[in-house]
Structures are given as C-alpha cells and as structure tokens.
Amino acid sequence: MEYQKEKLYEIIKYLATANGDMRQRLKIMSVEIALLDQESFPDNLKNKWKYVENKLYKYPPKNNWNNTREEMSSIEHSLSKIQNRTACKVAEIIFELWEDINSIN
C-alpha cells in the first residue's frame, strides 16, 4: 500500500500545484497514473479507482490517418474529449483515494 500512497501523493501534489488546465495536468501525470491499476487498491477503494480509469481510458489510442503510428495515447485521447470540470472531478477522486489510503494505515 506504500507504493500506491507514494504514487498518489506525487500525482495530487502536481495536480494541486501546477499551472494550467486540469486536463493538461492529468495528461502530464499520465505516466504516473498508468503505473497504478484497480487490483492494487483495497477492495473498498477499487470502485473509486475504476471511476478514474473509466474517465481516463474511455477512448482508445488515436492513430494517424493511415494507422502507421499512435498519435495520442488512450489517456490523451480521452482527456481531449472531456470537459475541464470532469477532469477536476477525476483529480478530486484521486485526492480522495490518497486520503482513504492514508486513513487505513
């Protein structure tokens, strides 16, 4: 659980302190987010992480016009389609997960 706690802290620290649109901040943290998965969370928190995954992986990777290379990752493509307020809700859920994990230990 320490790994999840550390990763979530890194993510929320950046989301809370960086400038710019929340979608852009989530995009920058997408590598850190991708290191976590639903199975790494306790059962009572899996649904919260599933919400995050459902929003960030809603759309598949987007390929260029002739399908020879990936133009956007799944997270980038999904973030390009959602509103900033939805991205803020995702960030809020990530913060809640961090709080919940800290309350367990």
Being in a loop (DSSP other than H, G, I, E, B) and of a type in the set (A, V, I, L, M, F, W, C) is the filter; apply it to the stretch 58-86 and report the residue that is surrounded by the most Cβ atoms within 10 Å (Cβ to Cβ). I82
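Working carefully through the options K55, K48, K89, find the one that is part of a helix (DSSP H, G or I), touching an Asp or Glu at 6+ places or on another chain (Cβ under 9 Å) and charged (D, E, K, R). Outline the logic, then answer.
Working: K55 fails: touching an Asp or Glu at 6+ places or on another chain (Cβ under 9 Å); K89 fails: touching an Asp or Glu at 6+ places or on another chain (Cβ under 9 Å).
The conditions single out K48.
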Taking first residues from the stretch 8-27 that are more than 13 Å from F95 (Cβ to Cβ) and second residues anywhere that are surrounded by 20 or more Cβ atoms within 10 Å (Cβ to Cβ) and hydrophobic (A, V, I, L, M, F, W, C), the pairs with Cβ under 6 Å that are 6 or more apart or on different chains are R23/L79; R23/A87; K27/L79
Which ones in the stretch 44-93 are aromatic (F, W, Y) and over 27 Å from I104 (Cα atoms)? Y57, Y59, W65
Residue ranges of helices (runs of 4 or more DSSP H) in the stretch 1-43 with at least 2 members touching a helix residue (DSSP H, G or I) at 6+ places or on another chain (Cβ under 7 Å), among the charged types (D, E, K, R) and modelled with pLDDT of 95 or more: 22-28
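The values are calculated or read from the model by the stated rules, or taken from the named source; none is laboratory data. The shown structure was predicted, so the numbers you read here are calculated from the model rather than taken from an experiment. With ideal geometry, Cβ positions are generated from the backbone for all residues, glycine too; neighbour counts draw on all protein chains shown.
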